[in-house]
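The values are calculated or read from the model by the stated rules, or taken from the named source; none is laboratory data. Treat the numbers as computed from the prediction; the structure is a model and nothing was measured. Note: ideal-geometry Cβ built from the backbone for every residue, glycine included; neighbour counts use all protein chains shown.
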Amino acid sequence: MTIHWCGTGLSAVPGVRRLIKAGHPVTVWNRTVDKAAQAVGDLTQDIHAFDMGALGAQLQAGDVVVSMLPGDWHVPLASLCLEKGAHFVSSSYIAPEMRALDQAARDRGLCFVNEVGLDPGIDHLMAHHLVEDYRAWAGDQAGDTAGAELSFISYCGGVPKIANPFRYKFSWSPLGVLKALRSPSRSLRDFAELNVDRPWNAISTYTAPLPTPEDFEVYPNRDSLPFIQQYHFDPSWKVKDFVRGTLRLNGWAEAWKEVFAEIETLQGPEGDARLKEMSDGFWRDNAYDPGEPDRVVLVVALQAQRAGQDLWHKCYVMDAWGDSDGTAMARLVSVPVSLAIEAVLAGRIGAGVSAAPSAPDLVQEWMGEIGKLAQHLEVVTLA
């Protein structure tokens, strides 16, 4: 069974190198062969120019296709896997078109695993751990959790290790970040849906329980509410707050206020053109310098209160930064992908379209490996 790793961009390399070093048969596909050779050429010569026809000709039943390509490629590659009887893995969110392949994948006994990067990915593992920890604690309380109100937060951000005046730096094209600022979000606050049309309308301060507590600016993104079910919250639980969001350095909102104001005015093709122009300027002025360390902070917390008093409160917190071996973002995105591939090959993930696993044994194993990637990883008991 061969692993067909498609894409060797900035966030892909540590994972594919880990698999090759572990002795797995890996064929590397990239749109630019020379760039792939720079990334893994010291470990393998099995490198090819990415082409769907060429990949399909080599793909065998039982193989695994890994898409570290732009999101538009995920569903076509997964469809090719259906045709050939191969498994599929990506770090991206499950799109409706991917979800639609679930029954067909189940019928063929194929695993289509997504959301196994950093965010989404590691954040899911942390959430599953906390939810099961709370469930076990609540089960031991002999009904003493009656009336408990639950609050869940999950904030993740890639930020500069060394702060700059812009309070942010870019590892690749800023266009994706700028487009995300135009997207609405849906979360739960004080038992009611919170719908926000622009992130800057919902920025708040969060103090992360790091060894030295640190304030960050946070805001909700995307649609948080489906994850209540994905994280296996009991239907009987009273969920007061539930938000998945983005984390930025303190001062980010002030540094970006002119950006927010201009984005608010952009419309149509002319607006898209201006967004691209802004992206080019940000890349010129605020890209990471070669060898400059990045930083990733991820916090996931679950709190149970009654009458305003804590019953149970724990937070999974991670702090990681780049080193001489590369960026924190790259290893935290791609190494979990490699763990998912190994789990698929070992038959430890069920057929169908799925996200990061919730099985306690896999969560524990993966978090053990992730602990080797971060300079700080801890479950903090706050109550």
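Yes or no: PRO269 in a loop (DSSP other than H, G, I, E, B), in the same structural domain as GLU149 (by TED's automatic domain parsing), surrounded by fewer than 17 Cβ atoms within 10 Å (Cβ to Cβ) and at negative phi? Give the steps one after another, and end with the answer.
Values: in a loop (DSSP other than H, G, I, E, B): no; in the same structural domain as GLU149 (by TED's automatic domain parsing): yes; surrounded by fewer than 17 Cβ atoms within 10 Å (Cβ to Cβ): yes; at negative phi: yes.
For PRO269, the condition - in a loop (DSSP other than H, G, I, E, B), in the same structural domain as GLU149 (by TED's automatic domain parsing), surrounded by fewer than 17 Cβ atoms within 10 Å (Cβ to Cβ) and at negative phi - is not met.
Look at ALA301 and say whether it is at pLDDT below 95, more than 30 Å from LYS21 (Cβ to Cβ) and in contact with a strand residue (DSSP E or B) (Cβ under 9 Å, 6 or more places away or on another chain). Criteria not met by ALA301.
Taking segment 78-96 as the range and being surrounded by 24 or more Cβ atoms within 10 Å (Cβ to Cβ) and either within 18 Å of the chain's Cα centre (by Cα) or among the aliphatic types (A, V, I, L, M) (or both) as the test, the residues that pass are ALA78, ALA86, PHE88, VAL89, SER90, SER91. If the condition is being among the β-branched types (Val, Ile, Thr), touching a helix residue (DSSP H, G or I) at 6+ places or on another chain (Cβ under 9 Å) and more than 14 Å from VAL177 (Cβ to Cβ), then segment 249-297 contributes THR265, VAL296. Checking each residue in segment 236-256 for being more than 26 Å from LEU377 (Cα to Cα), modelled with pLDDT of 95 or more and not in a strand (DSSP E or B) picks out TRP237, ALA253, GLU254, ALA255, TRP256. Scanning segment 131-184 for residues that are polar (S, T, N, Q) and within 15 Å of LEU311 (Cβ to Cβ) yields GLN141, THR145, SER151.
Surrounded by fewer than 20 Cβ atoms within 10 Å (Cβ to Cβ), modelled with pLDDT of 95 or more, more than 25 Å from VAL75 (Cβ to Cβ) and within 19 Å of the chain's Cα centre (by Cα) - does that describe any residue in segment 337-346? Within segment 337-346, none of the residues are surrounded by fewer than 20 Cβ atoms within 10 Å (Cβ to Cβ), modelled with pLDDT of 95 or more, more than 25 Å from VAL75 (Cβ to Cβ) and within 19 Å of the chain's Cα centre (by Cα). Among the residues in segment 299-321, are any under 30 Å from VAL26 (Cα atoms) and either surrounded by fewer than 18 Cβ atoms within 10 Å (Cβ to Cβ) or among the basic types (Lys, Arg) (or both)? Scanning segment 299-321 turns up no residue that is under 30 Å from VAL26 (Cα atoms) and either surrounded by fewer than 18 Cβ atoms within 10 Å (Cβ to Cβ) or among the basic types (Lys, Arg) (or both).
Among the residues making up segment 360-373, those that are farther than 17 Å from PRO120 by Cβ and not polar (S, T, N, Q) are PRO360, ASP361, GLU365, GLY368, GLU369, GLY371, LYS372.
Checking each residue in segment 48-65 for being more than 14 Å from LEU110 (Cβ to Cβ) and touching a His at 6+ places or on another chain (Cβ under 8 Å) picks out ALA54, LEU55, GLN58. The residue list ARG295, ARG331 contains one member that is charged (D, E, K, R), at pLDDT 95 or above and in contact with a Leu (Cβ under 6 Å, 6 or more places away or on another chain), which is ARG331.
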